[in-house]
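> First the structure, which I've put down as structure tokens, then a few questions once you've had a look.
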Amino acid sequence: MKRLLIVIFLIIAAALPGLAQQGKSDFLPKIFAGWVKIAPGHVSTDPNEADPVNGSLLKEFGFAELDSATYTKEGRKLSIKAARFADASGAYGSFLFYCTPELPAETIGDDAFSNGTRVVFYRANILVDATFDRVTPMSAGELRELAGDLPHPGGNAGNLPSLPNYLPTQGLKDDKKYIVGPVGMSKISEPIPADLVDFAAGAELMSADYTSEEGVAKLTLVSYPTPAIAGSQLRKIDAAIPSSTQGKPAYYTKRTGPLVAIVSGAISPAEAQSLLASVNYEADVTWNQATHLTKGNNLGSLLVNVVLLTSVLLGISIAAGIAFGGVRILAKKFFPDRVFDRTQDVEIIRLDLRK
């Protein structure tokens with residue numbers, strides 16, 4: 001009995017590594033643009049393996065798993081780390097966190113930047129960090145092919161957040177940040193603390209730098225689930241932040257729908273009000289209406305019903321005619337000159353017009 005238990009224990013222990021791998025999948029392709037994967041990629045659900053310094057931030061963005069692999073092509077080498085998130089907003093926010101304005105942009109995936117031999121891009125809910133040993137004129141095209149081979153999530157997981165759409169474009173600089181929690185808030189410079197934003201209420205934050213006549217100003221947009229929550233949080237922000245510094249307002253605020261806009265930094269009151277006036281919430285109302293043809297609006301169904309109704313009326317008319325004629329014949333046979341054709345009761349009015 002003891003030997004049997006030992007054998008069962010050894011079998012379970014041997015199966016545990018395989019069970020631990022369940023739910024993990026290497027989503028990087030085995031080959032793309034001539035690059036061939038050397039060995040099966042390393043898959044992990046630990047965000048610290050993706051970034052030991054900012055693992056908690058990746059987790060806050062909805063980090064799901066990491067797939068890292070090494071590729072070779074004609075004696076060259078390419079190392080790739082791909083982080084998959086629960087939805088596209090996580091990959092978008094992580095990309096903006098790593099991106100800095102001085103790095104040149106690239107047209108790879110949904111957005112990309114490069115730093116010498118390193119290229120970072122994201123597509124839908126996957127953030128890719130690729131490092132070449134040597135960059136060639138074809139490197140960008142090769143990564144575009146890789147971006148096209150990455151799996152795309154279904155449903156709403158592939159939709160980007162709508163908050164960046166409310167950033168005014170005039171004077172906008174490339175330095176933008178998207179934050180969904182207090183960890184990300186602690187890693188950027190904002191005029192309000194995380195407790196005033198109240199991420200527990202479902203808030204999302206977007207910040208961007210703008211050029212002004214006095215220097216650089218910052219516009220912070222905070223989105224809440226409802227306008228009532230946004231109004232309540234704005235009152236808390238106005239009460240907590242000092243109203244003025246050195247004789248002019250330290251910040252300028254505005255609420256539009258469920259959005260709270262805050263302007264701070266080196267900017268004149270007129271420019272700040274103009275920037276705030278450019279932020280306007282527009283509700284995107286979707287009316288889900290059936291697009292298939294129903295019996296009420298299908299012309300073919302209407303014609304079929306008309307033919308059926310005509311056939312029924314025609315059948316009723318024929319049946320009534322046969323019934324009436326049959327009754328008349330039977331009455332004449334069994335009751336001659338009693339019901340029909342009673343000559344003694346027939347009177348004919350005659351007009352003698354020949355006289």
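> Is it the case, given these coordinates, that ASP129 is closer than 21 Å to SER94 by Cβ and either surrounded by 15 or more Cβ atoms within 10 Å (Cβ to Cβ) or assigned by TED's automatic domain parsing to the domain that holds ASP26 (or both)?
Yes: the conditions hold for ASP129.
> Would you confirm, using the coordinates I've provided, whether VAL263 is under 33 Å from the mean Cα position of the chain (by Cα), surrounded by 13 or more Cβ atoms within 10 Å (Cβ to Cβ), modelled with pLDDT of 90 or more and assigned to a loop (DSSP other than H, G, I, E, B)?
For VAL263, the condition - under 33 Å from the mean Cα position of the chain (by Cα), surrounded by 13 or more Cβ atoms within 10 Å (Cβ to Cβ), modelled with pLDDT of 90 or more and assigned to a loop (DSSP other than H, G, I, E, B) - is not met.
> Among the residues of segment 62-76, is there at least one that is buried (at least 23 other Cβ atoms within 10 Å of the Cβ), closer than 16 Å to VAL36 by Cα and not acidic (Asp, Glu)?
yes
> Now a separate question. Name the residue that is modelled with the lowest pLDDT, counting only residues in segment 165-179 that are surrounded by fewer than 16 Cβ atoms within 10 Å (Cβ to Cβ) and out of contact with any Cys (no Cβ under 9 Å at 6 or more places or on another chain).
LYS173
> Residue check, ALA203 against (1) more than 19 Å from ASP87 (Cβ to Cβ); (2) among the aliphatic types (A, V, I, L, M); (3) not assigned by TED's automatic domain parsing to the domain that holds TYR92, all met but one. Which one?
Every condition holds for ALA203 apart from (1).
> Is segment 287-298 home to any residue that is at pLDDT below 90, in the same structural domain as LEU205 (by TED's automatic domain parsing) and among the small types (Gly, Ala, Ser)?
Checking segment 287-298: not a single residue is at pLDDT below 90, in the same structural domain as LEU205 (by TED's automatic domain parsing) and among the small types (Gly, Ala, Ser).
> Could you give me the residue pairs with C-beta distances under 8 Å whose first residue belongs to segment 320-335 and is free of Cβ contacts under 8 Å to residues at least 60 places away in the same chain, whose second residue is surrounded by 10 or more Cβ atoms within 10 Å (Cβ to Cβ) and of a type in the set (Lys, Arg) wherever it lies, and which are 6+ apart or on separate chains?
ALA331/ARG338
> Has segment 69-88 got at least one residue that is in a loop (DSSP other than H, G, I, E, B) and without any contact (Cβ under 8 Å) to a residue 60 or more places away in the chain?
Yes: segment 69-88 contains one or more residues that are in a loop (DSSP other than H, G, I, E, B) and without any contact (Cβ under 8 Å) to a residue 60 or more places away in the chain.
> How about segment 33-57: which of its residues are touching a residue at least 40 places away in the same chain (Cβ under 8 Å) and under 26 Å from the mean Cα position of the chain (by Cα)?
Within segment 33-57, ASN54, SER56, LEU57 meet the criteria.
> Could I ask something else about it? Give the residues of segment 77-98 that are within 18 Å of ARG118 (Cα to Cα) and surrounded by fewer than 19 Cβ atoms within 10 Å (Cβ to Cβ), sorted by residue number.
LYS77, SER79, TYR98
> Here are some conditions: (1) in contact with a Pro (Cβ under 8 Å, 6 or more places away or on another chain); (2) surrounded by fewer than 14 Cβ atoms within 10 Å (Cβ to Cβ). ALA230 meets all but one. Which one does it not meet?
(2)
The values are calculated or read from the model by the stated rules, or taken from the named source; none is laboratory data. Note that the coordinates shown come from a computational prediction; the quantities given were computed from them, not determined experimentally. Note that each Cβ is placed from the backbone with ideal geometry, even for glycine, and that neighbours are counted across all protein chains shown.
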